Amino acid sequence: MPSLVASALATGTLAASEQPEIHGDGVSLRPWQAADRAAVVAGYADPAIQRWHCRTLDDDEAAAWIDRWPQRWPDESGAGWAIVDTGDRVAGQISFRRIDLVDASAEISYWVLPELRGRRIAPRALAALTGWAFSSVGLHRLELNHSTANPASCRVAEQAGYPAEGVKRGEARHTDGWHDMHQHARLVTD
């Protein structure tokens, strides 16, 4: 069925170039590398990350997880970055879980390794990704969702300028059952 609205961003907007490294305030976002496998395993071994992301990965699964990210960029379906500190140490992950070029929007997820929490790494990474997505890609809307039982993620969103828009009732299933989810979003005009 033909759409009466043109796509906000053309197909090829991302695929026309390599996935970039993005620099922010004391953090860089770079595409995942095979050498990052131990950090991915450590992240998904953390009980807090398991609670909110509902996953655990062994070494082989972490390698496969890393190997899948590069194809999502040319497919324009998603993109993942390792958040690295000034010493190029992996501190966490941030990703576009999904990208919609028609509506010029993306959904973001993130986590930080336990030993590096409390240093504002996630809000700084989120701010860097947000600035790049609006200025370099031309996205119109970025959103993130987290369990209402996860106040730390709520603080990250607010610190990066993502106001809460509302609660999506019973929207995500976690290991302890259905969770209501807070939705936060930024528009390019904010």
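For the range 1-59, the equivalent ellipsoid derived from the alpha-carbon gyration tensor has semi-axes of 33, 19, 12 Å in decreasing order.
For the pair the range 96-128 / the range 145-173, the C-alpha centres are spaced 12 Å from each other. For the range 22-187, what D do you get in µm² per second when you plug the Kirkwood radius from alpha-carbon pairs into Stokes-Einstein at 4 °C and 1.567 mPa s? For these conditions, the coefficient is 81 µm²/s.
Can you tally the net charge around GLU143? Count Lys and Arg as +1, Asp and Glu as -1, for every other residue whose Cβ sits under 15 Å from the Cβ of GLU143.
Working: positive: ARG97, ARG98, ARG141, LYS168, ARG186; negative: ASP100, ASP103, GLU107, GLU158, GLU165, GLU171, ASP190.
Local net charge: -2.
Normalised by the number of residues in the chain, the mean separation of alpha-carbon contacts (under 8 Å, six or more apart) gives a relative contact order of 20 percent.
Provide CYS54, CYS154 in ascending order of the number of other Cβ atoms located within 10 Å of each residue's Cβ, fewest first. Intermediate values should be presented prior to the final figure.
Details: CYS54 12, CYS154 18.
Listing CYS54, CYS154 from fewest to most nearby Cβ atoms yields CYS54, CYS154.
Give me PHE134, PHE96 ranked fewest to most by other Cβ atoms within 10 Å of their Cβ, as a rough exposure proxy.
Working: PHE134 19, PHE96 25.
Listing PHE134, PHE96 from fewest to most nearby Cβ atoms yields PHE134, PHE96.
Exposed loop sites are taken as trypsin sites (Lys or Arg not before Pro) in a DSSP loop (any state but H, G, I, E or B) with at most 16 other beta carbon atoms within 10 Å; the longest stretch of the chain without one runs 120-190. Arranged from fewest to most other beta-carbon atoms within 10 Å of their beta carbon, VAL188, VAL40, VAL156 become VAL188, VAL40, VAL156.
Laboratory data are not the source of any read-out in this text; all were calculated from the coordinates shown. Not measured: the values here are computed from a predicted model. Ideal geometry is used to build each Cβ from the backbone, glycine not excepted, and the neighbour counts take in all protein chains shown.
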